[in-house]
Amino acid sequence: MPVRNFTWKDLPAVLDFIGKVQAQDEHGRRLRRQNFKELLRQPGLVPEENCLLLEEDGQILGGCLIFPEPRISRAVLGLDVDPQAANTPLERELVRQSLARSRALGVQVAHICLGQGSPRSQLVEGEGF
């Protein structure tokens, strides 16, 4: 299965992935890596359960941080996917597993932020959004 849970041993590879997909220059990559590291330590996040990784042949191609908000029965999904895995069955599986984790948290709503005209729009519409 290409989607699995994060472990702290994954941190260096995950930070490299985040820097690569979220920033265009070295300064931006450093900031994104630091921000992501801090997100993983957010109280109540439990990254070993709420951070899913998309991996193929030992390479991280995507990830989803699931931010539970139980008081309002919502989970916010922060999804990042390498362009080579975008709009593929691999990305679809990451979305499906992230939604399954959200349901397991007992929330009523899962929220994914997409930019206007995002190519991911069709994918999430196919998953019930």
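The values are calculated or read from the model by the stated rules, or taken from the named source; none is laboratory data. What you see is a predicted model; the values in this text were computed from it and never measured. As a convention, Cβ positions derive from the backbone with ideal geometry for all residues, glycine included, and neighbour counts pool all protein chains shown. For accessibility, only protein heavy atoms count, side chains too; no ligands or nucleic acids. Shrake-Rupley method; radii C 1.70, N 1.55, O 1.52, S 1.80 Å.
Val21: part of a helix (DSSP H, G or I), in contact with a Gly (Cβ under 9 Å, 6 or more places away or on another chain) and modelled with pLDDT of 95 or more, yes or no? So Val21 fails the test.
Report yes if some residue within the range 115-129 is β-branched (Val, Ile, Thr), in a strand (DSSP E or B) and under 16 Å from the mean Cα position of the chain (by Cα); otherwise report no. Taking every residue of the range 115-129 in turn, none turns out to be β-branched (Val, Ile, Thr), in a strand (DSSP E or B) and under 16 Å from the mean Cα position of the chain (by Cα).
Out of the residues in the range 59-70 that are out of contact with any helix residue (DSSP H, G or I) (no Cβ under 8 Å at 6 or more places or on another chain) and part of a strand (DSSP E or B), which is least open to solvent (accessible area, probe 1.4 Å)? Of everything passing the filter in the range 59-70, Glu69 is least open to solvent (accessible area, probe 1.4 Å). Hey, could you check the range 61-85 for residues that are of a type outside the set (A, V, I, L, M) and within 20 Å of Lys20 (Cβ to Cβ) and say which is farthest from the chain's Cα centre (by Cα)? Ranking the qualifying residues of the range 61-85, first place goes to Gln84.
Just to be sure before I move on: is Gln42 assigned to a helix (DSSP H, G or I), within 23 Å of Ala23 (Cβ to Cβ) and open to solvent by 70 Å² or more (accessible area, probe 1.4 Å) in the structure I sent? Don't jump to the end; show me each part of the working.
Details: assigned to a helix (DSSP H, G or I): no; within 23 Å of Ala23 (Cβ to Cβ): yes; open to solvent by 70 Å² or more (accessible area, probe 1.4 Å): yes.
Against the criterion (assigned to a helix (DSSP H, G or I), within 23 Å of Ala23 (Cβ to Cβ) and open to solvent by 70 Å² or more (accessible area, probe 1.4 Å)), Gln42 does not qualify.
Each residue in the range 1-28 was checked for being open to solvent by less than 60 Å² (accessible area, probe 1.4 Å), over 26 Å from Gly106 (Cα atoms) and either hydrophobic (A, V, I, L, M, F, W, C) or without any contact (Cβ under 8 Å) to a residue 24 or more places away in the chain (or both), and 10 of them qualify. Just name the residue that is nearest to Arg4 (Cα to Cα) out of those in the range 71-104 that are open to solvent by 60 Å² or more (accessible area, probe 1.4 Å) and outside any helix (DSSP H, G or I). Residue satisfying both the conditions and the ranking: Asn87.
Being modelled with pLDDT of 95 or more, open to solvent by 50 Å² or more (accessible area, probe 1.4 Å) and under 23 Å from Ala13 (Cα atoms) is the requirement here; does Glu56 meet it? In short, no. Residues being among the basic types (Lys, Arg) and farther than 24 Å from Ser121 by Cβ are represented in the range 63-80 by at least one member.
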